[in-house]
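Worksheet: one structure, shown below.
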Amino acid sequence: MTDKPPIERLLGVMAKLRDPDSGCPWDREQTWKSLLEHTLEEAYEVAAAIETDQPASEVANELGDLLFQVVFYSQIATEEDKFTFNDVVTQLSDKLERRHPHVFGDRNLQRHELDKVWHETKAREREAKAMTSVLDDIPNNLPAMTRAQKIQRRAANEGFDWSDYQGVFDKLDEETVELKQAIESDQAAEIEEELGDMFFTLVNLSRHFSVDAETCLRRSANKFEQRYRQMETLIQHDGLKVSELDQDALERYWQQIKQS
């Protein structure tokens, strides 16, 4: 144990893990790029802990793992004289204060004005970085639905949007017709393209109802998984196998699970 403040202790632990002589061989080998998959995994584990109502201690544990990723990147940057963890914290604090003038400045904003000010501030930040499009700083490697929703939101903030959700439903009907035509023509590339357009439109629909598309789909997948596992258990209890049953039998089991 130590009397050091927790964050100083953590930074010291990280530096020790990366020590070229006495550190951990695995930690010493890591680079920014090699850490990426671990960072994404840790972020999803935080989301899973929250969505599945894990105890607060487990959420704190997962948040710690995610924080460790930030400290890890910062330690590598420190070794390469790029920046330090304190630089990360300072830049974050500066940005939060800059984007919240109603809290840290003298502007008195109403709730309905906050989004406008936020986007104006972001626009100035993009200009300072010589970015010419509102879409310039959207990462290409975001999950597809998250990236689609972010692109749509940026375009909508510029006024490129349907006036209400009915326009999105009309577009969904249009995409459904085009997908059916692609299927009838049996063109794999066209089917893929039209399916993509349909997914993109569904993301737009979720945005109009202030629903996060990625979270929405993840929860539906989790719900399906839970029900499928229950159906498997029920079928096995009856001495049968899923693969041995026809569609009618499977549907009866499925409906039984849904109604339970």
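Every number in this text was worked out from the coordinates using simple rules, so none of it is lab data. The structure displayed is predicted, hence computed values, not measured ones. Glycine also receives a Cβ, built like all others from the backbone with ideal geometry; neighbour counts cover every protein chain displayed.
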Residues satisfying the stated conditions in segment 103-114, i.e. of a type outside the set (S, T, N, Q) and closer than 19 Å to Asn157 by Cβ: Leu109, Arg111, His112, Glu113, Leu114
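Could you list all residues from segment 154-171 that are crowded, with 16+ Cβ neighbours inside 10 Å and not acidic (Asp, Glu)? Give the steps one after another, and end with the answer.
Let us first name the residues in segment 154-171 that are crowded, with 16+ Cβ neighbours inside 10 Å, namely 154, 157, 161, 168, 171.
Residues satisfying the conditions are Arg154, Asn157, Val168, Lys171.
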Pick from segment 121-145, criterion acidic (Asp, Glu) and not in a loop (DSSP other than H, G, I, E, B), ranking: surrounded by the most Cβ atoms within 10 Å (Cβ to Cβ): Glu125
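Of all residues in segment 18-51, how many are under 30 Å from Lys223 (Cα atoms) and either in contact (Cβ under 8 Å) with a residue 12 or more places away in the chain or surrounded by 11 or more Cβ atoms within 10 Å (Cβ to Cβ) (or both)?
15
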Answer residue from segment 200-225, given it is under 17 Å from the mean Cα position of the chain (by Cα) and charged (D, E, K, R) and is surrounded by the fewest Cβ atoms within 10 Å (Cβ to Cβ) among those: Arg219
Listing of helices (runs of 4 or more DSSP H) fully contained in segment 1-111 that carry 2 or more residues being under 28 Å from Thr146 (Cβ atoms): 32-51, 56-79, 85-99, 101-104
